[in-house]
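Comments concern the structure below.
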Amino acid sequence: MTALFPHFRPLQVEVAPSISINAIAGGEGPPLLLLHGHPQTHAIWHKVAPRLAERFTVVACDLRGYGDSGKPQGDADHANYSKRTMALDALAVMRVLGFERFRVLAHDRGARVAHRLALDHPQAVERMALLDIAPTLAMYEQTSEAFARAYWHWFFLIQPAPMPERLIEADPAAYVRDVMGKRSAGLAPFDPRALSEYQRCLALPGAAHGICEDYRAAAGIDLEHDRLDRKEGRKLEMPLLALWGEQGVVGRCFDPLKEWKLVADDVQGGALPCGHYIAEEAPELLLERVLPFFAG
């Protein structure tokens, strides 16, 4: 990881008793939080973090349940893996570093955490860029056969424990290869060191349970929180940049910009010529969009 992130320093921030969040930090300038997706770690940012660190103080975290962060046993209602709880983890990391207000760049599961972070703590998020997602509630409510077939893991991982955990733990390296390699670009975009890191981390004790709990929360308590937001008319107020891969599933099965405009007041964005893993498939194109946006 040192080779992937030169000049970044490692961090461990305790966010609850016996639960720490693993992170790295580097660079100078306004603070920028990076959050990754499934089944990955903060290593997804290795192609863009050095450039971002030329203008920002970059903090990249492993989500709870992922990477080298804590992996507690899930609660009965999965609340300790809700996006609300995971957002508090990220907020705690930034506050320990002295940042009360910051920008956010987040992908996939991390983008869902960022969405909740911005709703629950709008004073903390100055600007936010979300990669290759539509709002969780919209995606569940509009699930089609095409989406269910492509995002089969959404429905596999939420099955009651320990069935999905047991199957993942039988060959975690194969799970990473299958989930990531069967997307539009295959495994070609991934640096072997990053891919090895994803596989190492999924093999850690509790990792399979952590990712399952993330998805179980998304299909349960997270939807309750989202429905309450909709009922109360709560919307994102900070500038939001929504980007997605034109070769990915989200853009084919949903209208991301339309869906984000229903839950946010200030939205821009569009598709990039790549698949789901934007930061690793199209890092230069991503930087062309996010650098001016965050400088704004």
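A few remarks follow.
- Residue-by-residue Karplus 3J(HN,Hα) for the range 191-202, coefficients 6.51, -1.76, 1.60, Hz, glycine and proline x: 4, x, 5, 5, 4, 4, 5, 4, 5, 4, 5, 5
- From phi via Karplus (6.51, -1.76, 1.60), per-residue ³J(HN,Hα) for the range 21-26 in Hz, x at Gly/Pro: 9, 7, 8, 10, 9, x
- Helix-only arithmetic for the chain: the sum of -39500 (n - 2.57) across DSSP H runs with n ≥ 4, divided by the residue total, places the mean residue ellipticity at 222 nm at -12000 deg cm²/dmol.
- Set of lysines with alpha-carbon distance to LYS235 below 22 Å, sequence-local pairs under 8 removed: LYS83, LYS258, LYS261
- Global geometry of the range 36-169, whether rounded, prolate or oblate, following the gyration tensor of its Cα atoms and the 1.5 cut on a/c: prolate
- Measuring nothing but protein heavy atoms, the accessible surface of the chain at 1.4 Å probe radius is 52 percent carbon and sulfur.
- Tail weight of P(r) past 37 Å, computed on alpha-carbon pairs of the chain, percent: 5 percent
- Farthest toward the positive end of the dipole of the range 146-296, out of ALA295, TRP244, MET163, is the Cα of MET163, where the dipole comes from beta carbon charges about the Cα centre.
- Solvent-accessible surface of the chain, averaged per residue with a 1.4 angstrom probe and all protein chains in place: 39 square angstrom.
- Our coupling estimate for the range 118-135, obtained by passing each phi through the Karplus curve with A = 6.51, B = -1.76, C = 1.60 and θ = phi - 60°, is 5, 6, 7, 9, x, 5, 8, 9, 7, 8, 8, 10, 10, 10, 6, 9, 10, x Hz, Gly and Pro reported as x.
- With K and R counted +1 and D and E -1, the other residues having a Cβ less than 13 Å from that of ALA138 yield a net charge of -1.
- For ASP171, the amide hydrogen comes within under 5 Å of no other amide hydrogen, counting only partners 5 or more places away or on other chains and with H modelled in the peptide plane.
- Our summary gives the range 1-133 a relative contact order of 25 percent, counting only alpha carbon pairs under 8 angstrom and 6 or more residues apart.
- Gyration tensor (alpha-carbon) shape descriptor, the range 2-58, a/c threshold 1.5: prolate
The values are calculated or read from the model by the stated rules, or taken from the named source; none is laboratory data. Note that this is a predicted model, so its numbers are computed, not measured. Every residue, glycine among them, receives a Cβ derived from its backbone with ideal geometry; neighbour counts consider all protein chains shown. Please note that ligands, DNA and RNA were not included when accessible areas were found on the heavy atoms of the full protein model with its side chains. Shrake-Rupley method; radii C 1.70, N 1.55, O 1.52, S 1.80 Å.
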